[in-house]
Amino acid sequence: MSTQTSPRIAFTTLGCKVNQSETDLLARQFAAAGYDCVSFEENADVYVVNTCTVTHVADKKSRQMLSQARRANPEALVVATGCYASIVGHQLAGDRTLVIRNRDKDHVVELVGGSLGRAIADTPTWTDLEKCLTISGGQERARPMVKAQDGCDSHCTYCIIPRARGRSRSVPVDDVVLRVQALVDEGHSEVVITGVDLGSYGQGDSGLPDLGGLLQEVLDRTSVQRLRVSSVEPGDFDAAWLSLWQNPRLCRHLHIPLQSGSLTVLERMERSYTPEQFAGMVAQCRSSIPGLTVTTDVITGFPGETNQEFGDGLQFIHALHFDGMHVFKYSRRSGTRAAHLPDQVPEPVKAERSRVLRQEALAGVNRLLARHEGVTATIAWESDDGGAWRGLSDTNVRVYGSAEITRQSGLGLCKRVLTSPFRDGLWSEPQGADIMLVPVS
């Protein structure tokens, strides 16, 4: 234990935007409880690893970060929380290792304090959300995440997350609004609303609106300059929400997970839509929101996926002209129904199919960039990246600009002309013109 009055605590996060949002709030709570929040690379008395288990690769990375923390300070308390810890917690527990499952995440400060022998005040500041949000824990990002929903009731055959996260539940509207406005007050120009199954927001709770109603509340009750929706499942999407995008503060980017373009694969996955329904929804979104960027997730090598099914899926994906795509090789997760399906696809086949899909994904990004060359866009700047500032347009285009010019103009939203390809995005130059809507090709 550090001889300093305040124990030093460090955090690292793996996986999804929900984990990122949770780590930010945890860090604020610990700071409010009197801890000194430091970088994960520094010596600390407590290391908190917010783990992920969406694939076997995520499991491996989670174990590596836990080992890194233990090596950094063998006497420190290492806290394993998040989805991997929730699934295999008993395997991680040991001397100076505290396992806190997702269901107990609201009590992390208490549990860590108990392990350190720290007394809990009768009215601790860290339990007051409004007060906590005024204290920085050093984990907030330039474009911070706010969790509005947790858990999932869908139980797709390949997915372990419902076991790790539990049933779907929604954060009260007032709490979401409070968190968003607190981030605005800190100077953040863009906030991302996120959830495990965000489109199910409010379902089963008559006292809450649906996701569209939540977004309207945030737009009406906060001064956030730009609001981004992280991901919405196609089975949850309501066309009535599309009118919200008439408000220019809502980012023209929708991430809608497809998972497969093959009807028979979707059926084995137990997804709640057909390729035709998915295509119709995307077409409706694009026709309703000028300049919309649509990105997706795809899993390849699902059990039983034949060459014909892969070819059909690839043809469907090509026809939809996605503007970006996360490609995942199917990962066999113990405890899921897909793990017991016959005809598991060999790893070399998965790897080749993944390579082909990644080429298609790159083609989509290149189309997106080409469509934006010469366009004036509004940019939210994030960080200095090797001498050039890195940011994002509302249509999810990665943008770079002169560090000197960006420092002079500040880190709020600003207009830039997107001029030419640079790294994984477009270079930009200052210009005061109004933003131009970008048509979808």
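The table that follows gives values for the structure above.
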item: Exposure proxy ranking, count of Cβ atoms within 10 Å, fewest first, for Asp106, Asp59; result: Asp106, Asp59
item: Spacing of the two label points (7 Å from each Cα toward its C-beta) at Asp385 and Asp343, in nm; result: 4.1
item: Exposure proxy ranking, count of Cβ atoms within 10 Å, fewest first, for Ser62, Ser115; result: Ser115, Ser62
item: Spin-label proximity, Asp106 to region 128-172 - amide N less than 13 Å from point 7 Å beyond Cα toward beta carbon; result: 128-129, 150, 169-172
item: Pairwise FRET efficiency - Ser243 versus Thr264, Cβ, R0 = 30 Å, nearest 0.05; result: 0.30
item: Dipole magnitude (debye, nearest 20) for region 209-257, charges at Cβ of Lys, Arg, Asp, Glu; result: 360
item: Computed magnitude of the charge dipole of the chain (debye, nearest 20; Cβ of K, R +1, Cβ of D, E -1); result: 860
item: Relative exposure of Ile299, Ile100, judged by other C-beta atoms within 10 Å (fewest first); result: Ile100, Ile299
item: Contour excess over end-to-end distance, with Cα ends at Ser288 and Ala142 and 0.36 nm allotted per residue; result: 49.6 nm
item: Placed amide H near Thr53: partners under 5 Å, 5+ positions off or other chain; result: Cys83, Tyr84
item: Estimated vicinal HN-Hα couplings, Hz - region 351-363 in sequence order (Karplus 6.51, -1.76, 1.60; Gly, Pro = x); result: 4, 5, 5, 4, 4, 4, 5, 5, 5, 5, 4, 5, 4
item: Per-residue [θ]222 nm for the chain (sum of -39500 (n - 2.57) over DSSP H runs n ≥ 4, rounded to 500); result: -10500 deg cm²/dmol
item: Residues Glu217 and Glu42, FRET efficiency given R0 of 41 Å [Cβ-Cβ distance, rounded to 0.05]; result: 0.55
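Computed from the coordinates by the stated procedures, all read-outs in this text should not be read as laboratory data. If you're wondering where the values come from, they're calculated on a predicted model, not measured in any experiment. Backbone-built Cβ (ideal geometry, glycine too); neighbour counts: all protein chains shown.
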